[in-house]
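One structure is given here, and the rest of the page talks about it.
The values are calculated or read from the model by the stated rules, or taken from the named source; none is laboratory data. Not measured: the values here are computed from a predicted model. FYI the Cβ positions are ideal-geometry reconstructions off the backbone, even for glycines, and counts take in every protein chain you see.
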Amino acid sequence: MKLEDLGWNAYFAEQFEKLKTEDSFAARVSVVEKEAFIISSEHGVQKASVSGNFRFAALVRSEFPAVGDWVIVRENPVDDEQTILAVLPRKTCFSRSAVTGKDRLGNAVMSEQVLAANLDYVFVVMALDNDFNLRRAERYVIAAKSSGAEPVLILSKADISPDVPSLIAQLEKACPGVPIFAISKFQTSTLEVLKPYLSKGKTVVLIGSSGVGKSTLINLLLESDQAKTGESRVGDGKGRHTTTWRELFVLPGGAVLIDNPGIREIGVWTPSVEDTFADIEALANECRYSKCTHTKEPGCAVLAALKSGKLEKKRYQNYQILAQEAGLIRTQMSNKIRSKIHEKQRKQGNAKTRK
Ligand SMILES: Nc1nc2c(ncn2[C@@H]2O[C@H](COP(=O)(O)OP(=O)(O)OP(=O)(O)O)[C@@H](O)[C@H]2O)c(=O)[nH]1
Ligand SMILES: [Mg+2]
Ligand SMILES: [Zn+2]
């Protein structure tokens with residue numbers, strides 16, 4: 001497979017020129033399962049793992065290859081497992097915060113989990129059944145925006161909803177400026193609107209709850225049943241986690257799609273709260289105090305809007321949660337990186353003294 005068919009472009013070629021070694025080649029990570037990787041390149045589809053040096057140098061988990069990453073691989077014609085030497089700098093990166101342990105006081109320690117890298121668009125898929133949830137849409141859109149890629153809201157299962165236009169109108173209000181499309185697997189003409197996002201060289205990740213039809217959409221776009229899909233349980237509209245790992249697919253038209261297992265919640269990682277809550281941010285400019293927390297201060301324009309009904313209470317609450325989460329995560333991240341660096345320095349110091 002040619003690298004261009006996997007989304008390779010001048011940006012990655014330039015990074016590769018800077019970092020490549022002799023006898024190395026570029027590949028794109030198509031599957032990640034714990035520490036085992038599957039890569040695609042001009043040499044075909046191969047298994048791979050990271051080199052010992054890579055493992056030693058990595059300060060945090062998020063530096064490890066993720067689906068969609070471009071990596072430098074050591075040429076190894078004999079072994080059937082290839083060695084990843086480096087990850088090329090990511091153009092964009094979709095992350096969430098995940099609980100990865102506890103600190104000495106028993107508080108949860110969050111760290112960044114990279115769901116997919118080098119994306120152009122994030123398709124946020126919400127089904128028009130019990131899955132429809134404005135607060136979750138706000139959260140997903142914020143996470144998508146902070147990835148550097150553009151979010152697109154996709155309302156699936158339009159066939160089972162009696163009132164699509166009113167749901168779209170609600171969503172437009174919650175996530176201003178984000179394109180919204182309603183689709184149905186029973187009416188493939190509804191997928192035409194997605195074509196502008198799926199041109200050659202573009203990479204798209206699909207996220208959303210389990211059972212919303214992410215893999216179904218991928219198969220329809222692939223025009224073949226490559227991704228496994230599952231039956232929804234009758235009644236509760238919930239899926240069963242049919243997709244269990246992230247995987248990259250190449251469309252006949254040249255775009256690259258990344259399927260994801262369903263996620264119940266997404267902790268936002270360094271989110272861009274301001275964009276999605278531009279209405280609240282605009283109000284905040286009118287607050288008496290510049291460091292207003294919009295919780296109890298006199299002269300707070302946000303609280304005034306809440307009282308007058310201009311601002312919806314649930315939207316305000318979600319804003320508070322997301323803004324707080326953002327602040328919390330930032331401090332935990334810096335603490336965690338700091339302690340990792342200390343640990344590395346200590347180990348390196350020990351290694352030197354042993355020699
Ligand atoms: N009515 C209706 N059902 C759909 C539509 N799209 C998908 N489904 C059904 O929803 C169920 C789940 O679809 P999947 O594609 O496996 O969902 P998923 O989002 O990939 O789920 P996970 O892999 O668990 O995250 C299947 O039974 C699909 O047939 C649609 O447009 N309308
Ligand atoms: Mg799936
Ligand atoms: Zn205020």
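Taken as a whole, the structure places Ser24 among residues that are crowded, with 16+ Cβ neighbours inside 10 Å and touching a residue at least 24 places away in the same chain (Cβ under 8 Å). Tell me, please, whether a residue that is buried (at least 16 other Cβ atoms within 10 Å of the Cβ), near ligand 1 (Cβ under 7 Å from one of its atoms), of a type outside the set (Phe, Trp, Tyr) and modelled with pLDDT of 85 or more can be found in the range 232-245. Taking every residue of the range 232-245 in turn, none turns out to be buried (at least 16 other Cβ atoms within 10 Å of the Cβ), near ligand 1 (Cβ under 7 Å from one of its atoms), of a type outside the set (Phe, Trp, Tyr) and modelled with pLDDT of 85 or more. Within the range 179-214, the residues that satisfy the criterion of being in contact with a helix residue (DSSP H, G or I) (Cβ under 8 Å, 6 or more places away or on another chain), aliphatic (A, V, I, L, M) and in contact (Cβ under 8 Å) with a residue 40 or more places away in the chain are Ala182, Leu194, Leu198, Val204, Leu206, Ile207. A search for C-beta distances below 8 Å between a residue of the range 60-89 that is free of Cβ contacts under 8 Å to residues at least 12 places away in the same chain and any residue that is surrounded by 16 or more Cβ atoms within 10 Å (Cβ to Cβ) and of a type outside the set (Ser, Thr, Tyr), counting only pairs 6+ apart in sequence or on different chains, returns Asn76/Gln82. Criterion first (over 19 Å from the mean Cα position of the chain (by Cα) and surrounded by fewer than 22 Cβ atoms within 10 Å (Cβ to Cβ)) does Glu150 satisfy it? Against the criterion (over 19 Å from the mean Cα position of the chain (by Cα) and surrounded by fewer than 22 Cβ atoms within 10 Å (Cβ to Cβ)), Glu150 does not qualify. Considered as a group, the residues in the range 293-320 that are part of a loop (DSSP other than H, G, I, E, B) and under 11 Å from Leu283 (Cα atoms) include one that is nearest to ligand 1 (Cβ to nearest atom), and that residue is Leu311.
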